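Values quoted throughout were computed directly from the atomic coordinates according to the rules given, and no laboratory measurement underlies them. Quick caveat, the model's predicted, so the values are computed rather than measured. Note that each Cβ is placed from the backbone with ideal geometry, even for glycine, and that neighbours are counted across all protein chains shown.
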Amino acid sequence: MSPRPVKAPVIAVVGPSGVGKDSLMDAMLTRIPGLKKQRRVITRAPELGGEDYVAVSETQFADLCAERSFALHWQAHGLYYAIPREIDVLRRSASGVVVNLSRKALLEAQDVFSTLIVLSVTATPEVLAARLNARGREDRAEVERRLARASTPLPEGLLHVVEIDNSGPLDAAVATAEAALTPWLQPERA
Ligand SMILES: Nc1ncnc2c1ncn2[C@@H]1O[C@H](COP(=O)(O)OP(=O)(O)OP(=O)(O)O)[C@@H](O)[C@H]1O
Ligand SMILES: O=P(O)(O)OC[C@H]1O[C@H](OP(=O)(O)O)[C@H](O)[C@@H]1O
């Protein structure tokens, strides 16, 4: 019997709202061979876009939780977020799997996924405010609430953390991420 393929690392892309997590992940997917992105399950209205996610009601979310469909879940911004257990299937074929996590879920993610690389995306407060306002997905009050969370620290005890400054051009941030991840990525598999 052939040995079970080594699971690819989970690459948690974290940081304040508006810092460029989704933009960075989408750009990495075009640059890094075999890199995949795990879709999240979120109780966010489907029409709000911004990423490819599975939109569910709070009741559906609770039912999926009860059925142990999730590898990890958390709450933030008045929403419920989850990473479905299907991420394990993705990890068997990908070179790495990127996912947008909350900073407060990282220690649990490190336990659940064992090989977890944290890309801590940063930008100056001025850049954050400008990007959130320009994006126009949240109203002014929500933008203020999200900016207030910007300085949430990473938890102590994370084993592999790489800071990615995304204050400048996105390509520069992608190049930094690619260089940092290369030693961790699994060879592409069929
Ligand atoms: N390096 C960059 N230079 C200029 N604009 C950027 C850069 N990175 C991201 N942006 C823009 O900033 C806005 C926020 O980016 P994005 O939605 O990827 O952030 P995010 O961290 O995923 O936000 P959230 O956590 O709220 O979903 C978007 O309009 C995006 O196009
Ligand atoms: O501030 P913290 O807790 O790190 O992250 C808060 C939330 O923001 C991000 O999601 P999105 O950007 O709202 O889709 C994270 O995944 C988390 O759900």
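Points to keep in mind about this one:
- Counting only the Cα atoms, the stretch 30-125 fills a convex hull of 128 Å³ per residue.
- Residues Leu154, Leu119 in ascending order of nearby Cβ atoms (within 10 Å, fewest first): Leu154, Leu119.
- Averaging the Cα positions of each part gives two centres, and for the stretch 112-167 and the stretch 13-61 these lie 14 Å apart.
- Within a Gaussian network of the chain (alpha carbon springs, distance under 10 Å), most fluctuating of Gly50, Gly20, Gly96: Gly50
- Within the listed set Val118, Val97, Val41, the residue fluctuating most in the Gaussian network model of the chain (springs between alpha-carbon atoms under 10 angstrom) is Val41.
- For Ala76, distant residues with modelled amide H under 5 Å away: Tyr81
- Choice from Gly15, Gly34, Gly168 with maximal GNM fluctuation in the chain (Cα, 10 Å cutoff): Gly168
- Net charge of neighbours whose Cβ lies under 10 Å from the Cβ of Thr152, counting Lys and Arg as +1 and Asp and Glu as -1: +3
- Over the chain, the ratio between the Cα radius of gyration and 2.2 N^0.38 Å evaluates to 1.02.
- Across the stretch 103-179, counting alpha-carbon atoms alone, Rg and Dmax equal 14.4, 38 Å.
- Straight-distance candidates among the lysines for linking to Lys36, with alpha-carbon spacing under 20 Å and chain neighbours fewer than 8 residues away dropped: Lys7, Lys21.
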